[in-house]
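Undergrad: Take a look at the following structure, please.
The values are calculated or read from the model by the stated rules, or taken from the named source; none is laboratory data. Source: prediction; values computed, not measured. Glycine also receives a Cβ, built like all others from the backbone with ideal geometry; neighbour counts cover every protein chain displayed. Heavy atoms of the whole protein, side chains included, go into the accessibility calculation; ligands, DNA and RNA do not. Shrake-Rupley method; radii C 1.70, N 1.55, O 1.52, S 1.80 Å.
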Amino acid sequence: SDELTKLTIIVDSLIYVLNNLHELDKFRKAIENDETLDEVLNRIKNLIEKKFRFKKYAFYILDEEDQKLHLKFLKGEHPFCPELDNADPKKCRAVKTNNIIISYKEFPNLCKLFCCYDKYHHICIPIFLSGKLFGLIQLIADITEDIRHLEKRINLLLQYLQAAIPIIEAKLLMKKFHDKMIKDPLTGCYKRIFL
């Protein structure tokens, strides 16, 4: 019976991994067929809410013109790093160190911008495209939540984000190419082709 139990555990683990790979492939194909970057970002937002069931999160995008982080999506009563919106990205420890910050694995109060250490865990995931900052995802979990379950969700979410990065890069390049086709780079006015 011990051998049968071990075999059952192994088979269940394999089924779990195969299901996750299948879901990841479906996600990748879906975002490949999305027409705009906003559609891809909305799909990631829905993934965070529905698949990974984070009830509180913030999604910041770097504005290339002013080089500041701007809040794209927020679910929660308020931003958990109120100083981060419209701020220099280097204020964020995750961006500055180019590492994922996980509050329950690090020293207490590691990130000075986060305001709610007494109630929540926070996970900050910087997103870099070709070595340049694109955005930041901040996930908030209740302090009572099971940490092992939280880590499994984070690791799987990272796999989804890794699958999305090349597609986000392609969508950004297409948008830049489109803008160059229809706008004059010097004046910013629309060209005759657009009209």
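Undergrad: Name the single residue that is nearest to the chain's Cα centre (by Cα) among those in the stretch 1-29 being in a helix (DSSP H, G or I) and among the hydroxyl-bearing types (Ser, Thr, Tyr).
TA: TYR16
Undergrad: While we're here: List pairs: first residue in the stretch 18-47 and farther than 25 Å from LYS176 by Cα and touching a residue at least 24 places away in the same chain (Cβ under 8 Å), second residue in a helix (DSSP H, G or I) and among the aliphatic types (A, V, I, L, M) anywhere in the structure, Cβ distance under 7 angstrom, at least six positions apart or on different chains.
TA: ASN20/LEU156; LEU24/ALA163
Undergrad: Go through the stretch 81-133 and give me each residue that's touching a Cys at 6+ places or on another chain (Cβ under 6 Å) and either modelled with pLDDT of 85 or more or of a type in the set (Phe, Trp, Tyr) (or both).
TA: Across the stretch 81-133, the qualifying residues are ARG93, ALA94, ILE101, PHE114.
Undergrad: Also, I was wondering about something else. Take the residues in the stretch 79-99 that are assigned to a loop (DSSP other than H, G, I, E, B) and either open to solvent by less than 60 Å² (accessible area, probe 1.4 Å) or without any contact (Cβ under 8 Å) to a residue 24 or more places away in the chain (or both), then tell me which one is nearest to LEU161 (Cα to Cα).
TA: Result: CYS92.
Undergrad: Next up: Take the conditions within 27 Å of LYS29 (Cβ to Cβ) and over 19 Å from the mean Cα position of the chain (by Cα) and apply them to MET174. Does it pass?
TA: For MET174, the condition - within 27 Å of LYS29 (Cβ to Cβ) and over 19 Å from the mean Cα position of the chain (by Cα) - is met.
Undergrad: Turning to a different aspect of this structure: Please enumerate the residues belonging to the stretch 100-148 that are touching a residue at least 40 places away in the same chain (Cβ under 8 Å), of a type in the set (S, T, N, Q) and loosely packed, with under 14 Cβ neighbours inside 10 Å.
TA: none
Undergrad: Kindly provide the set of residues from the stretch 69-113 that are of a type in the set (A, V, I, L, M) and over 27 Å from LEU37 (Cα atoms), ordered by number.
TA: Within the stretch 69-113, ILE102, LEU110, LEU113 meet the criteria.
Undergrad: Of the residues that make up the stretch 30-48, is at least one of a type in the set (Lys, Arg), under 21 Å from LYS152 (Cβ atoms) and either out of contact with any Gly (no Cβ under 8 Å at 6 or more places or on another chain) or part of a helix (DSSP H, G or I) (or both)?
TA: Within the stretch 30-48, one or more residues are of a type in the set (Lys, Arg), under 21 Å from LYS152 (Cβ atoms) and either out of contact with any Gly (no Cβ under 8 Å at 6 or more places or on another chain) or part of a helix (DSSP H, G or I) (or both).
Undergrad: Anything in the stretch 49-64 that is outside any loop (DSSP other than H, G, I, E, B) and either among the acidic types (Asp, Glu) or in contact with an Asp or Glu (Cβ under 6 Å, 6 or more places away or on another chain) (or both)? List them, or say none.
TA: GLU49, ASP63
Undergrad: Which residues, taken from the stretch 62-78, are crowded, with 16+ Cβ neighbours inside 10 Å and small (Gly, Ala, Ser)?
TA: Matches in the stretch 62-78: none.
Undergrad: So, in the stretch 78-92, exactly how many residues are among the charged types (D, E, K, R) and within 17 Å of TYR57 (Cα to Cα)?
TA: 2
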